[in-house]
Amino acid sequence: QQREEALARRQKELDSTEIDTMMRYDPRLIGTWRVQMTCSETSCPGSAVGDTKSETWVFSYEGDNLVARAMVKNNVVRVYTGKSTADGILLGDAVANSGDGKGVAIAVTLAMKDAKTMEGQREISRGNECRIVYTLQLTKQ
C-alpha cells in the first residue's frame, strides 16, 4: 500500500496537467543566449533603421520571475525581468529618469522557435519623445 501511494505521488509530480498555469517555468530558457538586434523602426535622434547590436543574455529564474541579464564584454548592462507565458516571453525594464524628468521604458517580447532559437522585438520608449524598435534573434550557446 505504501509503495502504491509513493508511486501515485510520484506520478502526480510528473503529470504535466498538475502544473500551475499561473507560474510558467521553462527550463529550456535557462542559460546563455547570443542576441542579435537590428533596428527596424526609430523616431529617436542618434539611431537609424538598420543599426545592429550584439549582446549576450543570461536567463535564469528568481522565484517565479524570469530574469535576463544583458551583457556586453562580460559586463552587465541591463537586467530584464518578466514572465514566461503560454503565449511567449514578456520582459521589461523601467530605466530611472535620466535627470531631465523623462523616463525610459523597455519592453521585450520573445517567442521560442525551437529549443535553441528565439525571435522577438525590443521596444524602447522615451516618454512621448521618441521610440526605437529592434527585431531580435536569439541563439542558445
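Within the range 75-121, restricting attention to residues that are open to solvent by less than 40 Å² (accessible area, probe 1.4 Å) and farther than 28 Å from P27 by Cβ, which residue is modelled with the lowest pLDDT?
G103
Scanning the range 9-26 for residues that are closer than 30 Å to Q141 by Cα and surrounded by 10 or more Cβ atoms within 10 Å (Cβ to Cβ), which turns out modelled with the lowest pLDDT?
I19
Restricting to the range 45-55, and then to whatever is at pLDDT 95 or above and not acidic (D, E), can you tell me which residue is surrounded by the most Cβ atoms within 10 Å (Cβ to Cβ)?
K53
Identify the single condition in (1) within 12 Å of the chain's Cα centre (by Cα); (2) open to solvent by 70 Å² or more (accessible area, probe 1.4 Å) that E62 does not satisfy, given that it satisfies every other one.
Tallying (1) within 12 Å of the chain's Cα centre (by Cα); (2) open to solvent by 70 Å² or more (accessible area, probe 1.4 Å), E62 fails exactly one: (1).
With respect to A6, determine if the residue is modelled with pLDDT of 95 or more, small (G, A, S) and more than 17 Å from S125 (Cα to Cα).
Criteria not met by A6.
Okay, residues lined up against (1) among the hydroxyl-bearing types (S, T, Y); (2) within 13 Å of L136 (Cβ to Cβ); (3) open to solvent by 60 Å² or more (accessible area, probe 1.4 Å); (4) assigned to a loop (DSSP other than H, G, I, E, B):
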| position | (1), (2), (3), (4) |
| --- | --- |
| R28 | no, no, yes, yes |
| W57 | no, yes, no, no |
| V67 | no, no, no, no |
| A70 | no, yes, no, no |
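The values are calculated or read from the model by the stated rules, or taken from the named source; none is laboratory data. Predicted model only: the values in this text are computed from it and were never measured. Cβ: placed from backbone, ideal geometry, glycine included. Neighbour counts: every protein chain shown. Calculation scope for accessible area: heavy atoms of the full protein, side chains included, ligands and nucleic acids excluded. Shrake-Rupley method; radii C 1.70, N 1.55, O 1.52, S 1.80 Å.
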